[in-house]
1. Provide the gained length on full extension for the span Asp229 to Arg210, in nm with one decimal, where the gain is 0.36 nm per separating residue minus the Cα-Cα distance.
2. Where Lys and Arg each count +1 and Asp and Glu each count -1, what net charge lies around Cys48 among other residues with Cβ under 9 Å from its Cβ?
3. What number comes out for the charge environment of Ile119, summing +1 per Lys or Arg and -1 per Asp or Glu over other residues with Cβ under 12 Å away?
4. Placing +1 on the Cβ of each Lys and Arg and -1 on the Cβ of each Asp and Glu in the range 86-218, which of Ala167, Gly124, Ala209 has its Cα farthest towards the positive end of the resulting dipole?
5. With each label point set 7 Å from Cα along the Cα-Cβ vector, what nm distance links Glu74 and Asn19?
6. Per-residue HN-Hα couplings for the range 141-153, Karplus 6.51 cos²θ - 1.76 cosθ + 1.60 at θ = phi - 60°, whole Hz, x for Gly and Pro?
7. Once you keep just the Cα pairs under 8 angstrom separated by 6 or more residues, what percentage relative contact order results for the range 86-218?
8. Provide the net charge surrounding Asn155, with neighbours chosen by a C-beta distance below 14 Å and charges set as Lys +1, Arg +1, Asp -1, Glu -1.
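Each reported figure results from applying straightforward, stated rules to the coordinates on display, with no laboratory input. The model shown is predicted, which means the values in this text are computed figures rather than measured ones. Backbone-built Cβ (ideal geometry, glycine too); neighbour counts: all protein chains shown.
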Amino acid sequence: MSDPKQSTSSNASANGSANAESIAENIRAAILEHRLAPGAKLTEAQLCEVFEVKRGTVRQALAQLAGERLVDLEPNRGAFVASPSLQEVHEVFEMRRIIEMAVVERICSGHGTRRLKSISATIGRERRAFEGHDFSAWIRLSGEFHTELAALTGNSVLCECLSGLVARSTLISALYESLGKSSCSFEDHEEILAALDAGDAPKASDLMARHLLDVELKMLERPARGAVDLREVFARPAERE
């Protein structure tokens, strides 16, 4: 995912070159940066004005985001930033625990233990993103830790299932958690990796189970907001001051 701070609407619309992909990226960035809250209405007319495009282009962007579960499209009401339910959070993490416990068992039984150094590099990037306040990259990298572990098993079906769940978790975390705070801790990841590297399956399993439960329980629901001025959300930084 590109850095949303480098992908502002002013860049996209200043020369009239905005397309559906760039509009979707701007809206996605605004959600990840918590400039758009769950339940915020995405008015087509305002988006057309902000990005200087026709409704068809805006609708393509919204449809793309709906496919990513970031936006809800409601007949006769319009588009809204998604508001995942607590039940959905529970179901996603229930499935993640089932799959990721299997990942830990397979790695400790010899599948991929020689390639754990690549996971250590991912955790290093995760830490640097946090320390550099690049929170969008931090959220993305925290998910990659889990998908890269799964890849070490060599089971493509397992990897496909977990990738979808991690993607949903990442979007949910962006909607539920406070900016700059994430319950998917790189310190936890370091402890899990150390247990895997030592081949200690019981400890690695326990750490992974507790880590995923903590991620689920620490997500904080932010209040939905129905009305929002999209011109202000997507204004140039100087215009917001």
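1. Length difference between fully extended and current span is 2.8 nm.
2. Its environment carries a net charge of -1.
3. Net of charged neighbours comes to -1.
4. Gly124
5. Computed distance between label sites Glu74 and Asn19 equals 3.2 nm.
6. 5, 5, x, 5, 3, 6, 6, 6, 4, 4, 4, 5, 6
7. 38 percent
8. That sum, taken over residues with Cβ under 14 Å, equals -3.
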